[in-house]
Amino acid sequence: MKKLLFIFFAIVGVFANNKSSAQSLNDKIRLYEFLVECPIYKCNIIGKIIDTTLLVAPPKSKFMLVDVKQDLCVIRFTFLNKKKGASKSNPIEDYTTYTYYSITKAQLDFKAYLVKKSDFDLVVGTIMTPIKLRFGPFDFSKDISVGSTFGVKYTLNQDKQAALDFLIGVGISSVTVDSFSTRGKTQKTQELLAFTPSFGVVIEMGNAQVGIFTGFDFISNANEIKYGWIYQAKPWVSFGIGYSMFSFNLKK
């Protein structure tokens, strides 16, 4: 059991800092899209105009807001767009990551809109179920399961980072075998390892996760024959705590 706990907290510790950094960056980065044509001027990163040639950004051009200085906005486009608007009269041919353009705050508000992220993400993480409720006959145990999870996250509130996760998990468990759970085949209490598939629903608030899981424990065939464990392959219910290590947004 101590080994299972060590594995769980070691995995969480390695990825916690990376996860927090990625979330803070994602929260601050805003992607916009022009609804109609918009006049722009090439500038440097601090907003100083470096070319007075009037350029026109075409509709549906996606860009990121780099800086805001009073009524001036510094933007950069997110992809190469040579097909739209690239001509001698409108030489916008360098929509590259580090070419900056200037627009006014009024143009940002009137001619562009914030591109909303999809409410659905693919997530990969870890889960630990510290207490299990077993049935047939009813019992509860401290059989701890530790494993990896993957599934879909539905975001309820982007700003408050509230979400529902629908997860499938695969892991290992430390199960207790005693006289009760073997119908007297053994008088000595022992702990065995079991293969544990599971699925559940998790409420996520920021980095923390808590939810309800159900799954099945499978000890090896040799141990099953030896002990006749009555909960072999029978469903259990548990409250789980976990940590989402990676998420991949499903863009609209």
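The values are calculated or read from the model by the stated rules, or taken from the named source; none is laboratory data. Computed from a prediction, not measured in an experiment: that's the story for all the values here. Using ideal geometry, Cβ is built from the backbone for each residue, glycine included, and neighbour counts are taken over all protein chains shown. Note: accessible area is taken over every heavy atom of the protein model, side chains too, but ligands, DNA and RNA are not part of it. Shrake-Rupley method; radii C 1.70, N 1.55, O 1.52, S 1.80 Å.
Annotations for the structure displayed:
- Every pair of residues 6+ apart whose Cβ atoms lie under 9 Å, when the first sits in the range 141-153 and is at negative phi and part of a strand (DSSP E or B) while the second is of a type in the set (S, T, N, Q) and open to solvent by 20 Å² or more (accessible area, probe 1.4 Å): Ser141/Thr176; Lys153/Ser247
- Put simply, of Gly184, Gly200 the only residue that is over 15 Å from the mean Cα position of the chain (by Cα) and part of a strand (DSSP E or B) is Gly200.
- Residue that is most open to solvent (accessible area, probe 1.4 Å) [pool: residues in the range 100-137 that are charged (D, E, K, R) and more than 19 Å from the chain's Cα centre (by Cα)]: Asp109
- Residue satisfying condition, being among the hydrophobic types (A, V, I, L, M, F, W, C), over 14 Å from Ser238 (Cα atoms) and open to solvent by 70 Å² or more (accessible area, probe 1.4 Å), within set Phe140, Phe166: Phe166
- Residues in the range 169-187 that are in contact with a helix residue (DSSP H, G or I) (Cβ under 9 Å, 6 or more places away or on another chain) and either open to solvent by 60 Å² or more (accessible area, probe 1.4 Å) or acidic (Asp, Glu) (or both): Ile172, Lys185.
- Residue in the range 216-230 that is at pLDDT below 90, open to solvent by less than 60 Å² (accessible area, probe 1.4 Å), farther than 14 Å from Val124 by Cα and under 33 Å from the mean Cα position of the chain (by Cα) present: no
- Meets criteria (at pLDDT below 95, surrounded by 11 or more Cβ atoms within 10 Å (Cβ to Cβ), in a strand (DSSP E or B) and under 36 Å from the mean Cα position of the chain (by Cα)) for Tyr32: yes
- All positions within the range 188-201 that are touching a residue at least 60 places away in the same chain (Cβ under 8 Å) and either open to solvent by 50 Å² or more (accessible area, probe 1.4 Å) or more than 11 Å from Gly169 (Cα to Cα) (or both): Glu191
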